[in-house]
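These notes concern the structure reproduced below.
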């Protein structure tokens, strides 16, 4: 589908709601329920066109910033990533334990890896959390927010009212912290 000159990959899936994602390489994908019509998808895109244009602008600005950075060799990139990993691990490990204990959660494991679209992810059944290596470049306030956010998913598997109530209880300023990540 093309919308205002933008190629959009539309995928019909077994999902409840229409969702739009802009990837770092500027690809745009819309996931839609199997029962959705082409008109439903077009209306959704039209309704969210300002979000789409802003997201594309942000991705373009990020690409420009990346292009302005000196290119590292694979070995240099590996060394740089290792430094960022160690810096993030040194901060996140004690903060993770602090918040896990404060939230009265039994053992939860975590890891750090490169991710392209998320700051973190949680698998409640396995009691595992993954954090994006890019958090190494964020403020401590923002990192703490992601830690609490993902730990809250251990008991609350979606972003519903109970999840938000847990965030409000443990970190009343979570909405301001979340804005730092956008």
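The values are calculated or read from the model by the stated rules, or taken from the named source; none is laboratory data. Note that the structure is predicted; figures quoted are calculated from it, not measured. Heads up, the Cβs are rebuilt from the backbone with ideal geometry, glycines too, and the neighbour counts pull from every protein chain shown.
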Worksheet item: Which residue out of 83, 93 is at pLDDT 95 or above, assigned by TED's automatic domain parsing to the domain that holds residue 122 and either in a loop (DSSP other than H, G, I, E, B) or surrounded by 12 or more Cβ atoms within 10 Å (Cβ to Cβ) (or both)?
Response: 93
Discussion item. Can you confirm whether residue 19 is at pLDDT below 95, on the phi < 0 side of the Ramachandran plot and within 17 Å of the chain's Cα centre (by Cα)?
Written reply: yes
Worksheet entry | Single residue of 111, 107 found to be exposed (fewer than 10 other Cβ atoms within 10 Å of the Cβ), assigned by TED's automatic domain parsing to the domain that holds residue 132 and modelled with pLDDT of 95 or more | 111
Worksheet, complete the sentence: Across segment 32-61, the tally of residues that are in contact (Cβ under 8 Å) with a residue 24 or more places away in the chain and part of a loop (DSSP other than H, G, I, E, B) stands at 2
Practice prompt. Determine, yes or no, whether residue 115 is within 22 Å of residue 145 (Cβ to Cβ), touching a strand residue (DSSP E or B) at 6+ places or on another chain (Cβ under 9 Å) and part of a helix (DSSP H, G or I).
Written response: no
Discussion item. Just checking, does segment 99-106 include any residue being in a loop (DSSP other than H, G, I, E, B), touching a helix residue (DSSP H, G or I) at 6+ places or on another chain (Cβ under 7 Å) and under 30 Å from residue 165 (Cβ atoms)?
Written reply: yes
Fill in: Filter pass, residue 88 being in the same structural domain as residue 132 (by TED's automatic domain parsing) and either modelled with pLDDT of 95 or more or assigned to a helix (DSSP H, G or I) (or both)
yes
Worksheet item: For residue 163, are the conditions met, namely being over 30 Å from residue 56 (Cα atoms) and in the same structural domain as residue 82 (by TED's automatic domain parsing)?
Response: no
